[in-house]
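Novice: I have a structure I would like to understand better, so I am pasting it below and will then ask my questions one at a time.
The values are calculated or read from the model by the stated rules, or taken from the named source; none is laboratory data. Since the model is a prediction, treat every value here as computed from it, not as a measurement. Every residue, glycine among them, receives a Cβ derived from its backbone with ideal geometry; neighbour counts consider all protein chains shown. The area values use the complete protein model at the heavy-atom level, side chains included, leaving out ligands, DNA and RNA. Shrake-Rupley method; radii C 1.70, N 1.55, O 1.52, S 1.80 Å.
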Amino acid sequence: MSQSKLITLDEFTIQETRKFPQATGDLSALLRDIGLAGKIINKQVRKAGLVDILGKHGATNVQGEEQMKLDVYANETLINILKNCTECAGIASEENDDHLPYEDTFSYNSKYVVLFDPLDGSSNIDVNASIGTIFAIYRRVSELGKPCTQADFLQPGRNLIAAGYIIYGSSTMMVYATRLGVNGFTLEPSIGEFCLSHPNMKCNEKGKIYSVNQGNWVKYDESMRNYLNYCMESNKDEGRPYTQRYIGSMVADMHRTLIKGGIFMYPGDTSAPKGKLRLQYECNPMAFIMEVAGGMAVSGEGHVLDIQPTELHQRTPIFIGSKKMVEKAMEFVQVREVAN
Ligand code: AHM
Ligand code: MG
C-alpha cells in the first residue's frame, strides 16, 4: 500500500468522531495519547534484549507478584502521558494499589477515566515472546469539577466507552473497540504511526483452537476436565480434536483468538477459585472487544461484562472467544464460586 493511502490512528478516530456531530473529540484525543504511550513503551520493549533493562525491579505489586523493570517503565509512561492530557480525570493500574485521581483543574473537568494493565504477560519478556498493554476507558460517574472517585473505576464492563490493547509482537499493533466496531492498526516504523491494517475485525462464530494452561489439570474440577476431554477427543462437532495453543500472554492469546477464532480460558481451580486474571484490567476490556467483534465472554455464571466490580483488583474466571465454542464450553463447565 502506498503511504498516501495509509490511514493513521489519529485520522481514523477523527473520522469516527465526525459521525457524531455532538462529539467533542475527547475520546479521539485520548486514544491518540494511549497510542503515543504505546509507541514509547514499544521503543523500550524493542531495546529489552540490547540494554541491561531486564531483571527484577525488587518491588512487588498488590497481588504479591514480582514486577520487572519494564512493567514499571510502562506504568509510569502511561500515568505521565495521561496526566498531561486534558481528557483523563484519573487512572487505575494493575501495578498500583489504589486509583490515582489527577489533581489539576483540567483533569477535574475531564470526563473519562482509564484503567490499564501496563505490560501484561511480562514474565514472557526474557523469552522474547509477545507481551502487551491492555486499556479500558469509562465515562466518569462522579461530579465534574472535582477529583474522580473510586466509583468511576468500579463500573461494570457494559459501561465501557472503548477498550483495546497494544501487542508488542513480531509487529506492534494497537487494536481498539468502540460500540462502532473493532479496528486494528499496525505500527509503521518508518513514519512512527499506527496505520489501519485490520478494519472491522470480527471473530468467527466457530474455531478450531482451545487455549488454556492445561498444566493446571490436577487443580481443575471434573466439569472442566470433561470439557478439556471434549476438546482433545475427536468430537462430533469438528470430527477431529481441537488444536491446543497457549502462549501464556493474554494479549497474544487473545489476538490469535480474535483473528483465527477459538476459545481462550482461564478458569478457577482449587488453588485460585476465581482464576488469575483481573476483571477490570484484563477481562473486561478483552470481553468488550470480543463482544463487539461478535464473540462471547463469560465467567461461567454469566457475561463478564455484567459483573458489578466491588474492588479494584478482583479476579474472575473467563471463557472467551468464538461464540459457538464458548456456548459449548458452558454446556460442560460448572462454576461453583461466584465471580464477584
Ligand atoms: P501478569 O498480568 O502478571 O502478566 O499475568 C497475566 C498473564 C496473562 O497474560 C496470561 O494469560 C496469564 O498470566 C498466564 O498465566 P499462567 O502462567 O498461570 O498460565
Ligand atoms: Mg496482566
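Novice: Tell me which residues, restricted to segment 173-218, are assigned to a loop (DSSP other than H, G, I, E, B) and either of a type in the set (Val, Ile, Thr) or touching a residue at least 60 places away in the same chain (Cβ under 8 Å) (or both). So that I can check it myself, show each step before the final result.
Specialist: So the first thing to find is which residues in segment 173-218 are assigned to a loop (DSSP other than H, G, I, E, B), and the list is 179-180, 189-192, 199-208, 212-213.
Residues satisfying the conditions are 179, 180, 191, 192, 201, 202, 203, 204, 205, 206, 207, 212.
Novice: Identify, please: which residue in segment 127-136 is out of contact with any Pro (no Cβ under 9 Å at 6 or more places or on another chain) and surrounded by 14 or more Cβ atoms within 10 Å (Cβ to Cβ) and is, among those, nearest to residue 28 (Cα to Cα)?
Specialist: 132
Novice: Pull out all pairs, ordered by first then second residue, where Cβ-Cβ is under 9 Å, the residues are six or more apart or on different chains, the first lies in segment 117-133 and is at positive phi, and the second is assigned to a helix (DSSP H, G or I).
Specialist: 121/250; 121/251; 121/252; 121/253
Novice: Just give me the residues in segment 256-269 being surrounded by fewer than 24 Cβ atoms within 10 Å (Cβ to Cβ) and over 13 Å from residue 317 (Cβ atoms), in sequence order. Explain how you work it out, then say what you get.
Specialist: Initial filter on segment 256-269 (surrounded by fewer than 24 Cβ atoms within 10 Å (Cβ to Cβ)): 256, 259-261, 269.
Correct list: 256, 259, 260, 261.
Novice: Further question on the same structure: So, in segment 88-111, of the ones that are open to solvent by 10 Å² or more (accessible area, probe 1.4 Å) and under 18 Å from residue 32 (Cβ atoms), which residue ends up nearest to ligand 1 (Cβ to nearest atom)?
Specialist: For segment 88-111, the residue satisfying everything is 111.
Novice: In this structure, does residue 142 turn out to be open to solvent by 40 Å² or more (accessible area, probe 1.4 Å) and either under 19 Å from residue 108 (Cα atoms) or in a loop (DSSP other than H, G, I, E, B) (or both)? First the steps, then the outcome.
Specialist: Details: open to solvent by 40 Å² or more (accessible area, probe 1.4 Å): no; either under 19 Å from residue 108 (Cα atoms) or in a loop (DSSP other than H, G, I, E, B) (or both): yes.
Answer is no for this residue.
Novice: For residue 179, work out the one condition from (1) crowded, with 17+ Cβ neighbours inside 10 Å; (2) of a type outside the set (Gly, Ala, Ser); (3) closer than 16 Å to residue 163 by Cβ; (4) out of contact with any strand residue (DSSP E or B) (no Cβ under 8 Å at 6 or more places or on another chain) it doesn't fulfil.
Specialist: (1)
Novice: Hey, does segment 284-298 have a residue that's open to solvent by less than 10 Å² (accessible area, probe 1.4 Å) and farther than 18 Å from residue 158 by Cβ?
Specialist: No: segment 284-298 contains no residue that is open to solvent by less than 10 Å² (accessible area, probe 1.4 Å) and farther than 18 Å from residue 158 by Cβ.
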